[in-house]
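J.: Okay, here's the structure, questions in a sec.
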Amino acid sequence: MSARALVIGLGNPDRGDDAVGLQVARRVATLGLPDVAVEAAGSDTLALLDRWAGVGRVVLVDAAAVIARPGRIHRLDPLAGPLPRDLALGSTHAFGLAEAVELARTLGLLPRRMTIYAIEAACFDPGAALSPAVAAAVVPVAGRIAAELAEGQGDA
């Protein structure tokens, strides 16, 4: 990949708040950030290792288990250590985001810079729309990502 940064939104568009990562990625894509690639990813988190190979800066966005309130935003630095277990950045499948990051760490395949935005979600019902509190987090998270990537324009 030739972009200096990659933004990946994770989630299932048909499972309520699980789609929030995809919605943030769509929003970031509309901002036209120079030299930033934006992708949507489904539930195959193991494929993330291939997606971010060769990219110096990666930003991931995903839904997380509700701890305090739906829509609450967490900014995580997975390079600093394991992801917090209480956010349950897992999956309806056996291998979730937290496991993919830890596998990449073990194999030495993490990008040089990585940020995860986890948005607390409440509803994962099939066919449901984003809940209002989670939908309200889409624009602020996209803005924070754009600001961070603008600050790091010299990153390679």
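The values are calculated or read from the model by the stated rules, or taken from the named source; none is laboratory data. Model, not experiment: these values are computed from the prediction. Note that we place each Cβ from the backbone using ideal geometry, even for glycine, and neighbour counts take in every protein chain shown.
J.: Can you tell which of Ala94, Ala137 is closer than 27 Å to Gly16 by Cα and at pLDDT 90 or above?
T.: Within the list Ala94, Ala137, the selection yields Ala137.
J.: Hey, another quick one. Would you check if there is a residue in the stretch 17-40 being under 16 Å from Pro78 (Cα atoms), crowded, with 18+ Cβ neighbours inside 10 Å and among the polar types (S, T, N, Q)?
T.: Looking through the stretch 17-40, none of the residues is under 16 Å from Pro78 (Cα atoms), crowded, with 18+ Cβ neighbours inside 10 Å and among the polar types (S, T, N, Q).
J.: Right, another one. With the requirement that a residue be at pLDDT below 90 and part of a loop (DSSP other than H, G, I, E, B), what does the stretch 57-85 give you?
T.: Ala65, Val66, Ile67, Ala68, Gly81, Pro82, Leu83, Pro84
J.: Next up: Would the stretch 43-52 turn up any residue that is part of a strand (DSSP E or B), farther than 13 Å from Val134 by Cα, touching a residue at least 24 places away in the same chain (Cβ under 8 Å) and not hydroxyl-bearing (Ser, Thr, Tyr)?
T.: Let us first name the residues in the stretch 43-52 that are part of a strand (DSSP E or B), namely none.
There is no residue in the stretch 43-52 that is part of a strand (DSSP E or B), farther than 13 Å from Val134 by Cα, touching a residue at least 24 places away in the same chain (Cβ under 8 Å) and not hydroxyl-bearing (Ser, Thr, Tyr).
J.: Among the residues of the stretch 8-27, is there at least one that is at pLDDT below 90 and not in a helix (DSSP H, G or I)? Break it down into steps so the answer makes sense when it comes.
T.: First, the residues of the stretch 8-27 that are at pLDDT below 90: none.
No.
J.: Tally time: how many residues in the stretch 111-138 are under 14 Å from the mean Cα position of the chain (by Cα), under 18 Å from Pro70 (Cβ atoms) and surrounded by fewer than 21 Cβ atoms within 10 Å (Cβ to Cβ)?
T.: Looking only at that region, the number is 0.
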